[in-house]
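Each reported figure results from applying straightforward, stated rules to the coordinates on display, with no laboratory input. These numbers were taken from a predicted model, which means no experiment stands behind them. Every residue, glycine as well, gets a Cβ built from its backbone with ideal geometry; the counts of neighbours run over all protein chains shown.
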């Protein structure tokens, strides 16, 4: 091609004029290669009679090859001359239309934004191993594999050579593959297949039906046990069953008169997570700009309106009971937060990663002490507490070091503000748990001088300011003292809710069953254990929640009654007593030991394993029941696998039972 103009000038001229392709129309960008045009001409000739058999007759094949293109040209000219084929006069390609060009430019712009956001992973000043496609930080375990794969390869090679010295045939033996997870994205949660559960239920009830015909099964014993490893009354595919916590706020807010506008307060205590979720970096390109242009001016504005402003950033402990609830928010790309790091365009996705939020909280917390504000500003960083530079006369020793997470640490700061002489507090945290804790803590805060506590709840036009001080007076001491356990028992972030029984139904049941108040209050104050008398009251409460007219006081009896007499589906009946006890232990631990010690800087917490939890790696999982499933514990469901007539030596007979049709080969005494 370099010497084409010198050696073959005519060919070069035709090539420059575009005559190396075929133009079948006057449109731009519609040329095609010559071989492609030949194929289209061949398709026209084959259209009617086809070319079958031509290759078997050399003379016919030659005639077809010579006359075919000419016939195709004549047919095309005929169609054009007589209008049998529409001819478009426009010379523009269809991709040259304004709408197509606009769509193309929009796509180019979006792609450019993605590339700019990702940046160049090779230009990042970090020791982390980055992904080329997303510029995110790879999983630590995968990074460790990449860092050590060369050394491991050398070790395997040396081992291979040593074995080869003693065994020459070892050279021909297969080498096992290294199943290393270089592209691992993190641990995968195991899910229970609904189809598998349904098949097991169908098989179980079929066995029960056949066994009842000959063995007289004890149905009371049957309903004392769960039929699944993950009971549907409190579990969903092995995970905690979530509930709509905000329904409790709807129940409570109708009891008080809500102000139409934001009330005045001396102190503002804000959940830092709510702040960064609400303030999206629209124009800030880096995290340094986000802090200086978006967050700090917002905090300064709060400081002008309140005598004291506390920003509580959350802490993500490795073995937190909230790990499962946080994992439901989804996964996100791991990124570093530094002054020069670019802010992601998908802000909510970025905040789904706990490590991203932790680094962001630390970055913002370090910026607050450098501020000069009209009034005092306190910000938390992990277990520490920092203060704006203009105020140094207030002691923070009673606030740090602290081991609380954000929802409980808020009330440590409220208690500290009350001891400093402030009379009114506004809490900005869109969380039902915070409202419940506020109700339980208001009487003790009022005793040390706090007069008013408001909680800002909701977003946008649905924002309301709930007066906790008025709500406590209306609810009375019985409801106030038992609120913590009630909320945890009926469902929160770390304790399951009851299937199909929401907060409104639970509250209505509490209204008609006042005997539960004393038990709820007792289990809200750091109980040492769940006593049998407490469990008896909780059983009665749960039975009434499922059937308001029931006179039964045992959940095991109510399960049989609702399933048989009222024909409720199996997943719509109460949990067993064993399962309810483990559930109550988890609720009592969350209510009394965690929420109940919110004003203690470093609460003394017992091990969760004593309160209905079991450790699985770094995470805690709920213990569902201490009894075996009914298929393993009910002897009436026993069946033998004898392949021949056993004459009374099978396990059915050993258990004092007759064989049934479930058995492979029923004995003579069946």
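Observations on the model:
- FRET efficiency estimate (nearest 0.05) - Cβ-Cβ, residue 277 to residue 515, R0 30 angstrom: 0.10
- log10 of Debye I(q)/I(0), alpha-carbon scatterers only, for the stretch 411-480 at 0.14, 0.18, 0.19, 0.29 Å⁻¹: -0.39, -0.64, -0.71, -1.38
- Counted residue by residue at 0.36 nm each, then reduced by the alpha carbon distance between them, the extension gain from residue 27 to residue 288 reaches 88.7 nm.
- Length-normalised contact order of the stretch 534-583 in % [C-alpha pairs under 8 Å, at least 6 apart]: 35
- Förster radius 25 Å - calculated FRET efficiency between residue 128 and residue 349 (Cβ-Cβ, nearest 0.05): 0.85
- Modelled label positions at residue 8 and residue 250, each set 7 Å beyond Cα in the direction of Cβ, lie 8.0 nm from each other.
- Inter-label distance, residue 44 to residue 389: 8.2 nm, where each label sits 7 Å from its Cα along the C-beta direction.
- Applying 1/(1 + (r/R0)^6) with r as the Cβ-Cβ distance of residue 477 and residue 551 and R0 = 30 angstrom yields a FRET efficiency of 0.55.
- Per-residue Cβ neighbour rank within 10 angstrom, fewest leading, 347, 454: 347, 454
- Segment residue 220-residue 362, length gained on full extension (0.36 nm per residue, minus Cα span): 45.4 nm
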